[in-house]
1. With unit charges on the beta carbons (Lys and Arg positive, Asp and Glu negative) and the dipole taken about the Cα centre of the stretch A:2-168, which residue among A:152, A:94, A:72 sits farthest to the positive side?
2. Does anyone have the angle between helix A:42-60 and the longest principal axis of chain A? Alpha-carbon axes, 0 to 90°, nearest 10?
3. Just to confirm, what accessible area per residue do you get for chain A at 1.4 Å probe, in whole Å²?
4. What quantity of accessible surface, computed with a 1.4 Å probe and excluding non-protein components, is buried in total between chains B and A, in Å² to the nearest 100?
5. Partner chain Cβ atoms within 10 Å, averaged over the residues of B:44-51 - can you pull that number for me?
6. Under a Cβ-Cβ cut-off of 11 Å, what is the net charge of the residues other than residue B:30 that fall near it, where Lys and Arg count +1 and Asp and Glu count -1?
7. Relative to the present Cα-Cα distance, how much length would full extension add between residue A:41 and residue A:117 at 0.36 nm per residue of separation?
8. With 10 Å bins from zero, work out the P(r) of the protein assembly as shown over every alpha carbon pair and list the percent per bin.
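The values are calculated or read from the model by the stated rules, or taken from the named source; none is laboratory data. Just so it is clear, the structure is predicted and the values come from calculations on it, not from any experiment. FYI the Cβ positions are ideal-geometry reconstructions off the backbone, even for glycines, and counts take in every protein chain you see. For accessibility, only protein heavy atoms count, side chains too; no ligands or nucleic acids. Shrake-Rupley method; radii C 1.70, N 1.55, O 1.52, S 1.80 Å.
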Protein chains: 2
Amino acid sequence: MRVLGIDPGLTRCGMGVVEGEAGRPLRLVDVNVLRTSADEHVSMRLVHIERGIEAWLDEHRPDAVAIERVFARSDSSTVMGTAQASGIAMVVAARRGLPIALHTPSEVKAAVSGSGRAGKAQVGAMVTRILRLEAPPRPADAADALALAITHIWRGGAQARIDAAVAAAGRWTP
Amino acid sequence: MRVLGIDPGLTRCGMGVVEGEAGRPLRLVDVNVLRTSADEHVSMRLVHIERGIEAWLDEHRPDAVAIERVFARSDSSTVMGTAQASGIAMVVAARRGLPIALHTPSEVKAAVSGSGRAGKAQVGAMVTRILRLEAPPRPADAADALALAITHIWRGGAQARIDAAVAAAGRWTP
């Protein structure tokens with residue numbers, strides 16, 4: 001299974017592609033951070049993000065897209081741009097009929113580090129270990145995108161095993 | 001000048017097309033509210049909104065698009081969906097190279113009613129009067145979309161007159 005993780009943002013939008021399945025070593029396919037300038041109108045920044053994600057879907061052909069779920073937080077001036085970028089990411093993937101999953105930051109932290117309150121450095125360290133990289137991906141948006149893809153593969157794998165177990169149990173029902 | 005006003009929203013997205021110029025009577029071209037169901041995944045709801053706006057741009061060929069500027073407000077559970085819908089509206093218009101303007105709710109209320117604190121009913125009443133309609137457009141999202149288009153034409157008109165005055169003054173400079 002190949003998953004594109006997207007950590008949406010207007011200034012920096014992390015994209016990470018990971019391949020593998022739950023219970024096996026995972027492989028980093030590619031990682032990048034789309035950047036747009038605050039000098040541009042927000043509409044053009046969103047168009048650049050749309051094109052950047054489109055280009056990656058063309059290049060890497062993922063089986064699913066995992067996007068960070070964005071919450072309204074009054075303490076952040078960037079949350080509206082993040083919400084808009086996440087909406088663009090969803091539309092680009094949905095137009096192609098790709099499965100889309102939204103994972104919260106806590107779910108991602110818990111999946112890769114065991115703690116929903118893990119810090120950026122801890123997430124980066126775990127992504128580095130899980131993907132057997134030589135150094136943590138920089139900036140943090142890149143590591144977060146990879147963590148999203150890892151989370152998706154692991155959670156999907158667990159769900160697939162449960163589904164398989166249920167199906168197997170069903171076959172043994174008299 | 002023909003302007004498409006968009007009052008973005010995930011459940012109801014108002015779209016209103018108004019034609020005319022500042023200082024002249026304005027004309028309602030068309031008004032509609034795109035609706036998407038909460039039963040659908042947010043990604044598909046956004047795709048429906050994208051298609052609905054695309055269809056209207058094809059049909060009505062506006063010269064500009066006026067979109068309500070969305071603010072982060074912790075007191076609203078719908079603000080993230082609204083932000084995502086506004087992002088889609090911006091991208092659809094920007095992809096076609098259309099001029100995009102964002103107007104705040106206060107600017108729109110002030111433009112059509114003289115008060116930045118006008119209520120929904122007052123905005124609806126003024127839109128009805130300005131466009132010489134028989135009844136206020138329903139639901140409020142429809143009236144708000146038309147108010148956005150009216151605001152854009154009037155503000156654009158004022159700006160154009162200032163630009164013209166500056167240019168005329170420039171011609172008389174020795």
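1. In the stretch A:2-168, that residue is A:152.
2. Once rounded, one gets 40 degrees.
3. Here the residues of chain A average 48 Å² of exposed surface.
4. 2000 Å²
5. For peptide B:44-51, the averaged partner shielding equals 4.
6. 0
7. On the way: separation 76, 0.36 × 76 = 27.36 nm, distance 3.47 nm.
Contour length minus the Cα-Cα distance gives 23.9 nm.
8. So the P(r) values, bin by bin, are 6, 23, 27, 20, 13, 8, 3, 0, 0, 0, 0.
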